[in-house]
Amino acid sequence: MINSSLVGEREQERGMEKLGEKRRVCVTGAGGFIASWLVKVLLKKGFILHGTVRDPSDEKNAHLKKLENASENLQLFKADLLDYHAITSAIAGCEGVFHVASPVPAAKVPNPEVEVITPAVTGTLNVLKACREAKVKRVVVVSSGAAITMIPNWPEDKMKDESCWSDKEYCRITESWYSLSKTLAESEALEYAEKHGLDVVTVCPFVVIGPLLQPTVNSSSLFLINILTGVRESVENKRWSFVDVRDVVDALLLVYEKPEASGRYICASHTVKLRDLVDMLKSMYPNYNYSKTFVEGVEGSLVSSEKLKMLGWECRRLEESLIDSVECYRDAGLLSKD
Ligand SMILES: NC(=O)c1ccc[n+]([C@@H]2O[C@H](COP(=O)([O-])OP(=O)(O)OC[C@H]3O[C@@H](n4cnc5c(N)ncnc54)[C@H](OP(=O)(O)O)[C@@H]3O)[C@@H](O)[C@H]2O)c1
């Protein structure tokens with residue numbers, strides 16, 4: 001771990017930048033899938049980074065220390081989202097905060113209130129309170145498409161946009177605890193921002209794919225790996241919206257830097273039916289054991305990222321994201337090479 005006063009001394013020693021020229025930001029949950037890419041890009045751009053992780057000595061965070069400029073400009077802080085004082089220490093002195101950390105369970109959890117909802121909601125409010133105390137200029141909160149789409153009786157072919165909010169009661173009835181956690185966390189974040197005059201912008205990515213920097217497999221990457229390995233014989237042929245992790249990071253930086261950015265931003269590049277996605281993968285990688293039965297019935301959502309595009313956001317082609325994902329899974333030994 002690098003001491004922050006040491007970082008300051010090094011800056012002076014180098015004499016390259018005038019003191020205060022480097023920008024200091026905090027990324028919560030720095031070791032996760034999306035956050036690792038964000039940390040990488042921010043370090044490359046010359047930011048000084050405060051990254052929060054639950055355990056700085058855990059091997060699963062070791063990749064962060066090997067990123068370009070990390071030895072000089074990355075300081076890791078041990079902080080659980082529910083530990084307000086630890087969060088405050090990590091955010092002190094930062095001009096901006098990217099709040100990325102939130103539980104993303106891959107399977108059903110025994111106690112959703114404790115394991116998912118409280119860390120997401122109380123954790124987000126802890127981060128925002130610490131930001132207010134530290135007079136942070138802008139906070140970017142990573143929400144989710146899960147906070148947009150869970151609306152019963154929505155017409156199948158009607159586009160959803162940033163005015164749509166998942167129905168909390170519907171999330172409860174359907175036991176969609178992750179969706180509920182993200183809906184509550186985002187809506188309470190925006191309410192807090194309004195009430196206290198804090199500049200908060202939220203980004204709602206859909207299913208995030210792309211190469212992994214971290215050594216562990218996160219839930220959305222597992223979703224794609226499961227499709228490639230046919231974990232389930234039979235799957236629903238509904239629409240899914242995907243976005244590349246590198247494009248999510250571009251979106252987060254864009255809403256951070258553009259003064260005119262405000263409110264919520266849907267971040268989804270491509271919407272495809274699952275059967276079409278499998279066909280696309282099969283045309284590039286014919287030998288995997290894909291799911292064979294596609295059950296019709298549920299359509300899935302149509303969403304628009306127009307608001308983000310108006311801000312200047314561009315995204316990769318789906319084929320590129322799929323190839324880069326598969327090649328990364330193969331290199332990491334998560335997928336066989338044939
Ligand atoms: N991937 C997607 O498809 C997707 C789509 C939409 C939105 N998102 C959002 O993007 C964010 C990052 O997700 P990801 O896909 O990168 O998943 P991830 O790799 O699982 O990252 C989640 C991060 O949150 C941290 N975290 C969880 N509970 C915490 C707690 N109580 N205290 C401190 N840290 C905690 C985890 O730390 P540990 O390593 O210590 O567990 C991990 O670093 C989340 O807010 C998620 O809701 C993801």
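The values are calculated or read from the model by the stated rules, or taken from the named source; none is laboratory data. A quick note: this is a predicted structure, and the numbers were derived from the prediction, not measured. Because the Cβ atoms are built from the backbone with ideal geometry, glycine has one as well, and the counts that use them run over all protein chains shown.
Quick notes on this one:
- Scanning the stretch 133-151 for residues that are of a type outside the set (A, V, I, L, M), out of contact with any Ser or Thr (no Cβ under 9 Å at 6 or more places or on another chain) and assigned to a loop (DSSP other than H, G, I, E, B) yields a count of 2.
- Residue in the stretch 104-119 that is within 10 Å of the ligand (Cβ to nearest atom), surrounded by 20 or more Cβ atoms within 10 Å (Cβ to Cβ) and of a type outside the set (D, E) present: yes
Residues checked against (1) within 14 Å of the ligand (Cβ to nearest atom); (2) touching a helix residue (DSSP H, G or I) at 6+ places or on another chain (Cβ under 9 Å); (3) not in a helix (DSSP H, G or I):
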| position | (1), (2), (3) |
| --- | --- |
| E156 | no, no, yes |
| E162 | no, yes, yes |
| S181 | yes, yes, no |
| A189 | yes, yes, no |
| Q214 | yes, yes, yes |
| L224 | yes, yes, no |
| R232 | no, yes, yes |
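- As a summary of the residue check, S291 satisfies the conditions (1) farther than 19 Å from G312 by Cα; (2) away from the ligand (no atom under 16 Å from the Cβ); (3) modelled with pLDDT of 95 or more except for the one numbered (3).
- Residue in the stretch 77-100 that is of a type in the set (K, R), within 12 Å of the ligand (Cβ to nearest atom) and more than 23 Å from V255 (Cβ to Cβ) present: yes
- Residue within the stretch 78-100 that is in contact (Cβ under 8 Å) with a residue 40 or more places away in the chain, touching an Asp or Glu at 6+ places or on another chain (Cβ under 7 Å) and in a helix (DSSP H, G or I) present: yes
- All conditions but one from (1) free of Cβ contacts under 8 Å to residues at least 24 places away in the same chain; (2) part of a strand (DSSP E or B) apply to D55; the one that does not is (2).
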